[in-house]
Amino acid sequence: MDLTNFSVKDFVMYEPFQKWVLEHDEIADSFWEDWVRRNPEKRKELEEARSIILALNQEEAPDFNDELTEVWENINDTIEQDEKESLNRGNLKVIPINPTGPLPTKKTIRPVWRRVAGIAASFLLMLMTYYYLVYYHPYIEYRTEFGETKKIVLPDNSIVTLNANTRIKYLEDWEKIDKREVWIDGEAFFSVVHTKNHQKFQVHSGNLDVEVLGTKFNVNNRRNKTQVTLSSGKIKLNIKTRDTVKNIIMNPGEFVEISRSSSINKKVVDSEKYTSWRNNKLQFNNTPLNEIMEILEDNYGLEVELRDPTLRNREFTAVYPADDLSILLQALAKSFNLNIIKKNNKISLEPRKTNPMENN
């Protein structure tokens, strides 16, 4: 089961998650803590679901004492009225609910509490319905598989091109909210249109928010860091730390990289190098072999092993089609004197053994 597709409602209804929230044990703690580390973008939804489960299982609700007292009185009045009507039809004994008085007999407690359970269940359903109407907003989500790219047209006619192994989502009731918001996990190129009412467009990526009115930019959120490359227009980055929010204004041709620890690297680049993938190209310009290995892993789902660590920082410059990795692998083998050994989704890059006869 792919938990990354779960909404708040799904987590609330998921029995293993309910059990973990209510009955902690070391194995479950280890599983969910590790899962959140690997899926930090789901932390908020997980915490909301946990709060709902805890609230629904509290014996006391101090913030709602008056309301619960009124509900309890209504339940009691309803049961008393029901029993009186039954008495008129037969010989039932009326036993009103009184938490401080004597308990009903075993014979009469079952039908009374059936009614209590039914009314309480209805009340609980109303509470949950209220929560979802007020606080819960369903998302529309798109994702790509390894080696796949996809173009999405948003409700405002902005266009998002998703790179491989990427997921984005936005609120279903987009038009009813004062700003356009998109959440991303992976890499995407945004071409944002400017609206007549100057509605802001915001991209959420880890500890970074990208805020624009109308422009073109690339966001890459992988490996505990977020990279933003601006092609045209102007954008503002809101970088969230534990205590503050730092703002950075970007101009066309600028690149900013933010790590999970909020360290910032800003520089001027050839933006085409970072956005060529949307045109089905892999463009490398003095790119270290280590970064090329990461692209193969992140975008194509490959497990890459380099048998000679001294080659990790060797640079490579070329442009190759993104849909035919065999051409790129052959070029890497020739440039770095490597043997490429591929088995299923695993690739080993091994230095070629020099034949002594070649040196004679």
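None of the figures in this text is laboratory data; all of them are computed from the coordinates on show. No experiment lies behind these values; they were computed from the predicted model shown. Cβ atoms come from the backbone with ideal geometry, glycine included; neighbour counts cover every protein chain shown.
Quick notes on this structure:
- For the peptides 297-305, 204-212, 239-247, 174-182, the ranking by packing is 204-212, 297-305, 174-182, 239-247, with the highest mean count of neighbouring Cβ atoms within 10 Å listed first.
- Interchain or long-range residues, amide H under 5 Å from SER232's placed H: LYS216
- Computed over the range 280-356, the convex hull of the alpha-carbon atoms projects to a mean area of 5.1 nm².
- Residue-wise HN-Hα coupling along the range 277-289, computed from phi with Karplus coefficients 6.51, -1.76, 1.60 (Hz; x: Gly, Pro): 4, 5, 9, 6, 10, 10, 10, 10, 10, 6, 8, x, 4
- The range 3-56: proportion of alpha-carbon pairs further apart than 13 angstrom, %: 56
- For the residue pairs LYS179/LYS273; LYS151/LYS200; LYS176/LYS225; LYS151/LYS266, the C-alpha atoms sit more than 26 angstrom apart in LYS179/LYS273; LYS176/LYS225; LYS151/LYS266.
- Distance histogram for the range 139-272 (every C-alpha pair counted, 10 angstrom bins, percent rounded to whole numbers): 12, 45, 36, 6
- Computed log₁₀ I(q)/I(0) - Debye formula, equal Cα scatterers, no solvent, the range 209-344, q 0.14 Å⁻¹: -0.74
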